[in-house]
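Colleague: Take this structure first; my questions come after.
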Amino acid sequence: MAKNKNKSEKREKKKLAEDEADVPVSKKKKKQIAEVPEESAPERSPVTPQDPIGTEDLTPEELRVLERKLKKERKKEEKKLKREQERLALAGETKEEPTKPRAGELALEYLKRWSKKHPEWKFQKLRQTWLLMNMYDPEKIPNKHFKRLLKYLQGLKGSARETTIQQAEKYMKECDGRETQDEAEEQKLNRIREVLQLLS
């Protein structure tokens with residue numbers, strides 16, 4: 001019974017506090033509000049959509065009002081996000097992530113560090129493989145980097161060396177079989193010859 005009395009007094013206090021801004025409260029009512037002991041009333045925590053714990057002492061009507069209010073706020077937030085996405089789509093903007101360096105750029109940087117005997121340089125199979133697969137393409141590996149690559153190939157050992165020689169011989173046969181060669185093919189053929197002379 002005492003709990004119900006405290007709850008009703010608490011509700012009355014809340015209503016009076018809300019009405020206080022609009023209607024002046026009489027001295028008698030203020031005295032009644034002041035007499036309600038604060039320690040006996042449980043504290044309410046702020047209510048969020050995910051936190052229904054603080055709603056235990058609310059009436060069903062208050063709960064409905066609170067739920068409607070929270071639902072309105074969620075809808076507003078969803079509309080705001082939707083408008084932002086539409087605005088970005090209309091403007092042709094997309095949220096771009098910072099671009100990562102491409103494999104070719106990383107491989108050429110790897111080769112550059114090797115040639116300067118950089119203290120941070122260490123062997124990386126992936127970078128070496130990319131260099132070996134693309135070393136005949138002048139667009140991917142420019143001439144200044146190809147000269148470095150030839151020096152790098154001098155230290156090539158084991159199966160990587162054998163595979164590189166076999167690939168070079170295979171490409172040489174393919175290029176010799178063609179009668180007409182353009183400038184790019186001629187440059188590729190010259191690179192193949194240099195690699196075969198170096199490794200054989």
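The values are calculated or read from the model by the stated rules, or taken from the named source; none is laboratory data. Because the structure is a prediction, the values reported are computed rather than measured. Here the Cβ positions follow ideal geometry from the backbone for every residue, glycine too, while neighbour counts run over all protein chains shown. Note: areas computed on protein heavy atoms with side chains; ligands, DNA, RNA excluded. Shrake-Rupley method; radii C 1.70, N 1.55, O 1.52, S 1.80 Å.
Colleague: For region 157-174, does any single residue satisfy the condition of being open to solvent by 50 Å² or more (accessible area, probe 1.4 Å), of a type in the set (Val, Ile, Thr), part of a helix (DSSP H, G or I) and at pLDDT 90 or above?
Modeller: Yes, region 157-174 has at least one match.
Colleague: Considering LEU131, LEU198, which residue is in contact (Cβ under 8 Å) with a residue 40 or more places away in the chain and of a type outside the set (Phe, Trp, Tyr)?
Modeller: Step by step, each of LEU131, LEU198 is checked, and only LEU198 is in contact (Cβ under 8 Å) with a residue 40 or more places away in the chain and of a type outside the set (Phe, Trp, Tyr).
Colleague: On to the next question. Given the criteria modelled with pLDDT under 90 and of a type outside the set (Lys, Arg), does GLU185 qualify?
Modeller: The answer is yes for GLU185.
Colleague: For residues that are closer than 14 Å to LEU153 by Cβ and outside any helix (DSSP H, G or I), tally how many sit in region 124-136.
Modeller: 2
Colleague: Another one. Could you list, in sequence order, all residues of region 107-154 that are in contact with a Gly (Cβ under 9 Å, 6 or more places away or on another chain) and closer than 18 Å to GLU186 by Cα?
Modeller: Answer for region 107-154, where residues must be in contact with a Gly (Cβ under 9 Å, 6 or more places away or on another chain) and closer than 18 Å to GLU186 by Cα: ASN134, LYS140, ILE141.
Colleague: Which of the residues belonging to region 110-123 are in a helix (DSSP H, G or I) and open to solvent by 70 Å² or more (accessible area, probe 1.4 Å)?
Modeller: Within region 110-123, LYS112, ARG113 qualify.
Colleague: Can I ask one more? Based on this model, can you work out whether ARG148 counts as surrounded by 16 or more Cβ atoms within 10 Å (Cβ to Cβ) and either in contact (Cβ under 8 Å) with a residue 40 or more places away in the chain or within 34 Å of the chain's Cα centre (by Cα) (or both)?
Modeller: no
Colleague: What single numbered condition from (1) touching a helix residue (DSSP H, G or I) at 6+ places or on another chain (Cβ under 7 Å); (2) more than 23 Å from GLU194 (Cα to Cα); (3) in a helix (DSSP H, G or I) fails to hold for ALA107?
Modeller: That leaves (2) as the condition not met.
Colleague: Sticking with this structure for a sec: Could you identify the single residue in ARG102, ARG161, ARG178 that is of a type in the set (D, E, K, R) and under 30 Å from GLN85 (Cα atoms)?
Modeller: Matching residue, one of ARG102, ARG161, ARG178: ARG102.
Colleague: Exactly one condition in (1) in contact with a helix residue (DSSP H, G or I) (Cβ under 9 Å, 6 or more places away or on another chain); (2) modelled with pLDDT of 90 or more; (3) surrounded by fewer than 12 Cβ atoms within 10 Å (Cβ to Cβ) is not met by LYS79; state its number.
Modeller: So the condition that LYS79 fails would be (1).
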